[in-house]
Structure formats: C-alpha cells, structure tokens
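K.L.:
Here's a structure for you.
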Amino acid sequence: MTITNQDELDGLREIGRIVANTMRAMAKAMEPGMTTRELDEIGRGLLDDAGAVSAPQSTYGFPGATCISVNEEIAHGIPGARVIAPGDLVNIDVSASKDGFFADTGATYRVGAVAPRLDRLCRDGRRAMQIGVAQVRSDRPLAGIGKAIGRFASGRGYTLIGNLASHGVGRSLHEYPEEIPTWPTSGDRRRMKKGLVLTVEPFLSVGGTMATGGEDDWTLYSMPPAPVVQYEHTVVATDRGPLVVTQPG
C-alpha cells in the first residue's frame, strides 16, 4: 500500500495501535503453566473487542488468531496444548485488519530468566529491527534495509534466516513490494516511494540460516537448529524517515 491521504494514514495507525496493544497485553498476561492456546484466546478476545479481524486466519485459514512460536519454533507456530515454561523464548506475532487496513507486529519474549546468550540475542534482535527501520525513507533503496541489518548481524557474530523476509502490507497482509530481504542482497534496484507501507522483521540467529517446515504445514523451524528471535514493526516511508504505526496507545 502507498499512503496518499490523511484518512488512509489514520486507518493504518488505528489497526497498528490495535495489534501493538494486543501483542503487549498478551505478553503481560503470559506466565509459566499457560498453554499457547490460552494465550491465543486472550489475543482473540482483544482483537474482537477492538473490532479487528485476525489477518492470518481470515487470509490464509491459519488455525489460530495469532502466531505463537516457542523455542525451536521460529515462526507461524499454531496455538495449542503446548505449555509455556520458565526459560522459554516465546514469539508473539499479531496481524489483523480493520476497516480495510492491515498491520503486522511481532516480538520475542523471555519467560523469566534465560541463559545470558539468549538474553543478548533478544536485545540484539530488537536492535537489528531498529537498524532496519532506520533505513526506511522516501526514495531510498529497499536493499538498504537488509544491507544495514546484515552489517550489524555479521559484526556481532550472528546469522540471519535467509528465507523469511519483510513484506508490503496495508490493504492486505502480504502485498507489493512482496518480499523485502532483511539480509544483504545484490541486484535489487527497487526504491521506496513516499507513503510505501512495509514491515521490517529480521530473524536473528546464532547459527540458523534457513527456515524449514514441520509436519503441520504451518510451523517453521531453524535449519540448522539454533535459537532465533524476531521483532517486527509496520512502517511508512516518508520524506523525513520511518513512521512506525505499530505503536501501543
């Protein structure tokens, strides 16, 4: 989507606020002993109360209102009977629509204390996203996002999952400019037009380089197996830089 007027921006900000509030509330409610299905039901209720519709469910028939991925599950985890335990890394990914506008956000949360290397991975995962977001500006190259994230990741000894990309969003969950690499690439000459709406969502790892599917046709895992974190915002490219719409409020 490319924003062309204030009404469109207001609509995008509204759904951005809803998904951000939902993710934050889910994270606050999460505790050891809870199942991922119970956590998802909290998210479903919040989206319903806000008049929003789960985007993965309405778009793809995903069997949950939100995606909840625990430890070895790095994306698109199906909420179910899995019990959340102390020391887990839990990724909560919330995308939804309202009044024809879509927004997408996600973050990896620690359940209590985690190993120091995982704590560092989480902090650096959020920083990697922030570095990518900072590259968003009218008329800048889309490839600049992955270049900046890749420089940060390699400098700190991390790897990036190379087949889970950012994407256009706004009037649907996935749209033009389709896949936007969050790792260094060559030959991509696309540029960000003023008003372009996109996600920035690097998957930072300590050894994983690709995502592979499991038996349920949804959940993705790191290959080779390794811890992975993901942080995500929906952003608008403006002449002054990035405008993050997935902010709580």
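The values are calculated or read from the model by the stated rules, or taken from the named source; none is laboratory data. Everything numeric in this text was worked out from a predicted model, so none of it was measured. Cβ placement follows ideal geometry from the backbone for every residue including glycine, while neighbour counts extend to all protein chains displayed. Heavy atoms of the whole protein, side chains included, go into the accessibility calculation; ligands, DNA and RNA do not. Shrake-Rupley method; radii C 1.70, N 1.55, O 1.52, S 1.80 Å.
K.L.:
Using a cut-off of 12 Å between beta-carbons, work out the net charge of the residues near residue 88 (Lys and Arg +1, Asp and Glu -1, residue 88 not included).
P.N.:
Combined, the nearby Lys, Arg, Asp and Glu give -1.
K.L.:
Please sort by residue number the trypsin sites (Lys or Arg not before Pro) in the stretch 174-228 whose DSSP state is loop and whose Cβ has at most 15 other Cβ atoms within 10 Å.
P.N.:
189, 190, 193, 194
K.L.:
For a quick size check, give me the Cα extents of the stretch 1-127 along its three principal axes, largest first, whole Å.
P.N.:
Over the stretch 1-127, Cα extents along the principal axes are 47, 31, 23 Å.
K.L.:
Another question, then. In vacuum, with every alpha carbon of the stretch 86-126 counted as one equal point scatterer, what does the Debye formula give for log10 I(q)/I(0) at q = 0.16, 0.17 Å⁻¹? Two decimals, please.
P.N.:
The computed values of log10 I(q)/I(0) come out as -0.50, -0.54.
K.L.:
With a Förster radius of 45 Å, plug the Cβ-Cβ distance of residue 191 and residue 99 into 1/(1 + (r/R0)^6) and report the FRET value to the nearest 0.05.
P.N.:
0.95
K.L.:
Now for a separate question. So what is the relative contact order for the chain, in percent, with contacts set as C-alpha pairs under 8 Å and at least six apart?
P.N.:
Result for the chain is 24 percent.
K.L.:
Run the helix sum for the chain: -39,500 (n - 2.57) per DSSP H stretch of 4+ residues, divided by residue count, reported at 222 nm to the nearest 500 deg cm²/dmol.
P.N.:
Helices in the chain give a 222 nm mean residue ellipticity of -10000 deg cm²/dmol.
K.L.:
While we're looking at this one, here's another question. Per residue, how much space in cubic angstrom lies within the convex hull of the C-alpha atoms of the stretch 196-249?
P.N.:
Spread over its residues, the Cα hull of the stretch 196-249 gives 130 Å³ apiece.
K.L.:
Still on this structure: When the Cα centres of the stretch 8-60 and the stretch 142-185 are compared, how far apart do they sit, in Å?
P.N.:
The stretch 8-60 and the stretch 142-185 have Cα centres spaced 24 Å from each other.
K.L.:
Just the number: Rg to Rh for the stretch 95-187, Cα atoms, Kirkwood Rh, two decimals.
P.N.:
My calculation puts Rg/Rh at 1.01.
K.L.:
Leaving ligands, DNA and RNA out of it, report the carbon-plus-sulfur percent of the accessible area of the stretch 45-171 at a 1.4 Å probe.
P.N.:
Carbon and sulfur together cover 50 percent of it.
K.L.:
Which whole-Hz couplings ³J(HN,Hα) result when phi for each residue of the stretch 9-19 is put into the Karplus expression 6.51 cos²θ - 1.76 cosθ + 1.60, θ = phi - 60°, listed in order with x for Gly and Pro?
P.N.:
So the J values, rounded to whole Hz, are 5, 5, x, 5, 5, 4, 6, x, 5, 5, 5.
K.L.:
Hey, another quick one. Note down the relative contact order for the stretch 76-203 as a percent, whole number, built from C-alpha pairs under 8 angstrom at least six residues apart.
P.N.:
Relative CO of the stretch 76-203 lands at 25 percent.
K.L.:
Which of the three applies to the stretch 57-137, rounded, prolate or oblate, going by the alpha-carbon gyration tensor with a ≥ b ≥ c and a/c under 1.5 meaning rounded?
P.N.:
oblate
K.L.:
For semi-axes √(5λ) of the Cα gyration tensor in Å, the listed values are [x] 37, 25, 17; [y] 26, 23, 15; [z] 33, 21, 19; which was obtained by calculation from the structure presented?
P.N.:
Calculated semi-axes √(5λ) of the Cα gyration tensor in Å: the matching label is [y].
K.L.:
Would you kindly state how much longer the chain becomes between residue 151 and residue 209 on full extension, computed as 0.36 nm times their sequence separation minus their alpha carbon distance, in nm to one decimal?
P.N.:
19.3 nm
K.L.:
Give me Rg/Rg_expected for the stretch 12-64, where Rg uses Cα atoms only and Rg_expected = 2.2 N^0.38 Å with N residues.
P.N.:
So the Cα radius of gyration is 1.14 times the expected 2.2 N^0.38 Å.
K.L.:
Give the long-range amide H neighbours of residue 241: residues separated by 5 or more places, or on another chain, with amide H under 5 Å away, using H modelled in the peptide plane at 1.01 Å from N.
P.N.:
Under 5 Å from the amide H of residue 241: 138.
K.L.:
How big is the stretch 107-249 by the Kirkwood estimate over distinct Cα pairs, in Å?
P.N.:
When all Cα pairs of the stretch 107-249 are included, the Kirkwood radius is 15.5 Å.
K.L.:
Here is a follow-up. From the phi of every residue in the stretch 205-222, what ³J(HN,Hα) in whole Hz does the Karplus formula 6.51 cos²θ - 1.76 cosθ + 1.60 yield, where θ is phi - 60° and glycine or proline is x?
P.N.:
Each residue of the stretch 205-222 in turn: 9, 10, x, x, 10, 9, 9, 10, x, x, 7, 8, 6, 10, 5, 10, 10, 6 Hz.
K.L.:
Could you go through the stretch 112-129 in sequence order and give the Karplus-derived ³J(HN,Hα) for each residue, using 6.51 cos²θ - 1.76 cosθ + 1.60 with θ = phi - 60°, rounded to whole Hz, and x for Gly and Pro?
P.N.:
x, 6, 10, 4, x, 5, 6, 4, 5, 4, 5, 4, 6, x, 5, 5, 4, 4
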